[in-house]
Amino acid sequence: MHNKILVAEDDTDIVELLKLYLESNGFEVTSTYDGLEALDAFKKGNYDIIIADLMMPGLNGYELIKIVRETSNIPIVIASAKNMDSDKVLGLDIGADAYITKPFNPLELVAYVKALLRRYYEFKSSNNEINTLNVGELSLDLSKYIFMKNNKIVPLTSTEIKILAMMMKSPGKVFTRSQIYECINGDFYDTDDNTMMVHISNIRGKIEDNPTKPEYIKTVRGLGYKLENKEEL
């Protein structure tokens with residue numbers, strides 16, 4: 001069975017280029033040319049990953065991703081001509097798993113897609129025998145991919161779930177940036193430290209009472225990050 005990809009992009013040349021490379025790598029591609037069309041396709045279809053532009057007619061990429069994230073944690077890749085750091089941070093903040101700037105190498109994008117899908121489904125299969133992870137007030141149901149704090153559901157992206165699951169399995173263990181990269185992307189590393197910082201910042205913003213003074217996810221200077229059980233401190 002082929003993985004199904006939803007492409008939301010208003011540039012027909014880019015769409016055809018993506019279809020050429022993705023279909024040649026065995027993916028089934030649905031092409032949409034504005035945000036409303038993409039949202040309608042998402043609601044009707046069962047997709048494994050979304051590739052979305054930000055500047056589209058009807059509904060822009062930011063709005064599309066926000067709506068998708070209300071019901072789904074499938075991987076989302078932004079492919080946009082907006083190349084400011086603030087654009088990338090905002091894209092990751094609203095729920096994207098990766099951000100690629102145009103013009104891009106289509107082979108690089110295919111590598112991103114393969115890596116994100118591989119880690120997404122490896123994460124699912126590797127946690128079939130584990131039902132729930134609990135650390136203090138935090139609980140992660142690995143069968144339903146539901147994260148809760150104090151019995152209240154906290155929406156997370158697929159990347160955030162993978163990072164938290166890794167840390168919650170080994171509270172107190174320090175994970176290096178390369179280990180976190182591998183958790184997210186497998187053998188394909190995103191070497192942009194800013195991306196990692198955004199993901200960690202977003203998780204802190206969702207699980208910490210005061211993200212500026214985190215009690216759970218601690219930075220270990222020069223090494224990486226660790227998750228502490230504050231009830232044990």
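Summing Lys, Arg as +1 and Asp, Glu as -1, what charge do residues with Cβ under 9 Å from the Cβ of Val29 carry, Val29 excluded?
0
So the label point goes 7 Å from the Cα of Tyr121 along Cα→C-beta, right? Which residues of region 71-87 then have their backbone N under 19 Å from it?
The answer is 73-77, whose backbone nitrogens lie closer than 19 Å to the label point.
What are the lysines whose alpha-carbon lies under 16 Å from the alpha-carbon of Lys82, with same-chain residues fewer than 8 places away excluded?
The qualifying lysines are Lys102.
Using the 10 angstrom Cβ neighbour count as an exposure proxy, how do Arg204, Arg177, Arg221 rank, fewest first?
Ranked by crowding around the Cβ, least crowded first: Arg221, Arg177, Arg204.
Please give, to one decimal in nm, the separation of the simple spin-label points placed at Ala81 and Val220, each 7 Å out from Cα toward the Cβ.
Each label point lies 7 Å from its Cα, and together they span 4.5 nm.
Filter the GluC sites (Glu not before Pro) in region 1-104 to those in DSSP coil with at most 12 other Cβ atoms within 10 Å of their Cβ, and list the result.
The qualifying sites are Glu70.
When the chain is fully extended, how far beyond the present Cα-Cα distance does Lys4 get from Ser201, taking 0.36 nm per residue of separation?
So the extension gain works out to 67.9 nm.
Is any helix in the chain, taking whole DSSP H runs, at least 27 angstrom long along its axis by alpha carbon and on average at least -0.5 on the Kyte-Doolittle scale, and which ones?
Result, helices passing both filters: 106-126.
The numbers here are math on the coordinates, done by the rules we state, and not lab data. Since we're looking at a predicted model, the values are computed, not measured. Cβ coordinates were reconstructed from backbone atoms using ideal geometry, including for glycine residues, and neighbour counts include every protein chain displayed.
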